[in-house]
1. Pairs only if they're at least six apart or on different chains, beta carbon under 7 angstrom, first in region 7-30 and in the same structural domain as Lys110 (by the TED database) and under 24 Å from Met109 (Cα atoms), second of a type in the set (S, T, N, Q) and at pLDDT 65 or above; list them, first residue then second.
2. Could you please let me know if Arg80 is surrounded by 11 or more Cβ atoms within 10 Å (Cβ to Cβ) and not aromatic (Phe, Trp, Tyr)?
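The values are calculated or read from the model by the stated rules, or taken from the named source; none is laboratory data. Predicted model only: the values in this text are computed from it and were never measured. Cβ placement follows ideal geometry from the backbone for every residue including glycine, while neighbour counts extend to all protein chains displayed.
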Amino acid sequence: MGLPMEQSSRIAPSLDELTEEQRKFRYRAGAFLAAVGATSAVAGFSKAIMSAKKSDPKYFDKGLHGSIALHEAGTSLALRALGWGTLYAILGTGTICFGIWKLSGAKDMKEFREAVGKVLPRVPRNDPPTSRTEFEGLTDLMQYLSTWGKDEKTAAGPVVATTSKPSQ
């Protein structure tokens, strides 16, 4: 592996250096994100199935149970396609990541981080924040975002032009 890094140059403390409360919080946060991801995947898949069933219920039932007219049941075909798609996605992403790693010429994660840090632009620190960070609700946030970056005249609202009739 690499040499031990100084504490100040580390991005996040290791799991051993965290307090019990911080460790529990990380596990809960990971479980929450996994639950949200799984729930959204199930909801999306269920919605796709229901829309397919609603559009053509006759062929949906034939695909579910299989028939003489169909060589293979739709569910087994879908599972096979899902398996191949997952395999291709994982192998493709792994190949791209491995290629980038090898092209960078890094031998460990520290060298890779330094090489990528030289290529990518630096993100400026926003400490203390120069814009609002607290909002009363979603409406307040959206209103702020719609006016963010505009000068004060346009942020205050539209200017109403008045016309006057020429004197006779």
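1. Every condition considered, no pair remains.
2. Criteria met by Arg80.
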